[in-house]
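The values are calculated or read from the model by the stated rules, or taken from the named source; none is laboratory data. In this text, all values refer to a predicted model and were calculated from it rather than measured experimentally. FYI the Cβ positions are ideal-geometry reconstructions off the backbone, even for glycines, and counts take in every protein chain you see. Surface areas here come from the heavy atoms of the whole protein model, side chains and all, with no ligands, DNA or RNA. Shrake-Rupley method; radii C 1.70, N 1.55, O 1.52, S 1.80 Å.
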Amino acid sequence: MVHLYGRENSRLDLSRRTGSLSQFGGVRLVTLGDGVERGQRMLEFRTGTGLRFTVMVDRAMDIAEVEHKGRAIGWHSPTGFRNPALHDAEGEGGLGWARSFSGFLVTCGLDHTLGPETVDASNYGYPHRRTIAHVLHGRVTGVPARLRGYGESWQGERCILWAEAEVVQATVFGEHLVLRRRIEADLGGDEIRLIDRVENAGFSPTPHMIFYHVNLGYPVLEEGARFIAPVEEVVWAAHGGAGYRAQGVGYRRMGGPVDRFSEQVWQHEMRADAEGRVPVAMVNDRLALGLQVVTRKAELPCTFQWQYLQSGNYAMAIEPSTHHVLGDQAARDRGEMIWLGPGEGRDYALSFEVLDGAAAIARAEAAIGAIARQPEDDFPEPSGNFRPLTWAQKTKEITT
């Protein structure tokens, strides 16, 4: 049954009350027509509960806007959702990615994450390409998807809104990785589900890294908003050391916009529940509104938290990752890089749930607290304990 407008509705009930489901929910394909966004395809999802979100087909099927009952949840930067033809990831010393950085979900990968870095490329067997220069957070977010389908699907009395697409990140003398992405939401629901599979479609052993930049902005983010997570220990802070407390903003409670704010990045070691899930939330008690991200520890064992409370770019992100914040070369040196052989792949599943109301926030906070009690100090001393990612170990075979 579909719970809408204070009652349970069967498929027949709904069909009697409207000539088209699009009256209150569904998925539609539109094309943007102005400015830097001109020409891009966008899928608009509406679940009927006040949850509306958009998917950028031509930006790797990332999620641009998320709102609930007219309240913004996702973050928008000044760059806008730039057409990929204008996206120059290679520019500015590998920092050109930031000129297209905006939206609720930005996928980072597929063969590299984190900062610009040059690493060995001998696995591809091309003598004129001994190294590869990676750009900030990888190249995939600037790649248009091939849309496989979208729409509304009834499964008994349950209606699922869905879209599927394929994103190919490839080059001659290098990687050939394919991201197959499905996005779902239930009619009558407040949850977005993301199901990804990354495969090596080439014939050389290929490195694979991914993390999900889940960006939250005002009004969910404001002074006093709280970060709630099953944190066992704070592992690392980019601003650690003498300047750890200098800006007065810790990991638990957010501050307001600051005209000169230097970004803060944390890595937390999270504990999973009995089913291997890791729920992380940010909540605004004043508005009784929040968002919870749920991942699986076996798929995304590391979690980062990004705070950029800069005026005009006011954001906080929850960032589940396959690898530590140490970077690409460190993953190789530690034996933790994921090497995909020909035809091999990895699966990822995430959910994003709007917490609407004080009761929903209380339930989520209680469930998270039952997994692990996070440090009460806003500034826990980082442990520096980057636990081995033994799940990722695989021997790279190179023909010489």
Probe 1.4 Å, protein heavy atoms only - accessible area per residue of the chain in square angstrom:
41 Å²
Distance in nm between Arg373 and Asp120 label points, each 7 Å along Cα→Cβ, equals 4.7 nm
Given (1) 1.04; (2) 1.22; (3) 0.96, the label whose value is Rg/Rh (Cα atoms, Kirkwood Rh) derived from this model:
(3)
Based on the alpha-carbon gyration tensor of segment 252-321 and its eigenvalue square roots a ≥ b ≥ c, which shape applies: rounded if a/c is under 1.5, prolate if not and a/b is larger than b/c, or oblate?
oblate
For segment 256-376, shape from the Cα gyration tensor axes a ≥ b ≥ c, cut at a/c of 1.5 then a/b versus b/c, turns out oblate
Going through segment 239-303, which GluC sites (Glu not before Pro) have at most 15 other Cβ atoms within 10 Å and a DSSP loop state?
Glu263, Glu275
Segment 228-279: C-alpha gyration tensor shape, a/c 1.5 cut-off, then a/b vs b/c:
prolate
Ordered by residue, what ³J(HN,Hα) values in Hz, to whole numbers, does segment 234-241 give under the Karplus form 6.51 cos²θ - 1.76 cosθ + 1.60, where θ = phi - 60° and Gly and Pro are x?
7, 8, 7, 9, 4, 9, x, x
Leu340's amide H: which non-local residues (gap 5+, or another chain) put their own amide H closer than 5 Å, with H modeled 1.01 Å from N in plane and none for Pro or chain starts?
Thr206, His208
Once you keep just the Cα pairs under 8 angstrom separated by 6 or more residues, what percentage relative contact order results for the chain?
15 percent
Set Lys and Arg Cβ to +1 and Asp and Glu Cβ to -1, take the dipole of segment 149-202 about its Cα centre, and tell me which of Leu179, Leu194, Trp162 lies farthest positive.
Leu179
Using just the helices of the chain, give the 222 nm mean residue ellipticity in deg cm²/dmol: DSSP H runs with n ≥ 4 each add -39,500 (n - 2.57), and the total is spread over all residues, rounded to 500.
-2000 deg cm²/dmol
Reduced to Cα centres, the span from segment 64-116 to segment 295-374 in Å works out to 17 Å
Of Leu114, Leu350, Leu95, which has the largest mean-square fluctuation in a 10 Å C-alpha GNM of the chain?
Leu95
Please give the length that would be gained between Thr18 and Thr79 if that part of the chain were fully extended, namely 0.36 nm times their separation in residues minus their C-alpha to C-alpha distance (nm, one decimal).
18.0 nm
Any residue on another chain or 5+ positions along whose placed amide H is under 5 Å from the amide H of Gly115 is listed here as His137
Any residue on another chain or 5+ positions along whose placed amide H is under 5 Å from the amide H of Leu4 is listed here as Asn9
When the Karplus curve 6.51 cos²θ - 1.76 cosθ + 1.60 is applied with θ = phi - 60°, which whole-Hz ³J(HN,Hα) does each residue of segment 326-343 get, with x for Gly and Pro?
5, x, 5, 4, 4, 4, 5, 5, 8, x, 10, 5, 7, 10, 9, x, x, x
For segment 202-218, Karplus couplings with θ = phi - 60° (6.51, -1.76, 1.60), whole Hz, Gly/Pro x
x, 10, 10, x, 10, x, 9, 9, 8, 8, 10, 8, 9, 9, 10, x, 5
Could you work out which residue, out of Asp328, Asp13, Asp62, moves most in a Gaussian network model of the chain, that is, has the largest mean-square fluctuation with Cα springs under 10 Å?
Asp13
Could I have the simple spin-label model distance between Val30 and Ala359, label points 7 Å from Cα toward Cβ, reported in nm to one decimal?
3.3 nm
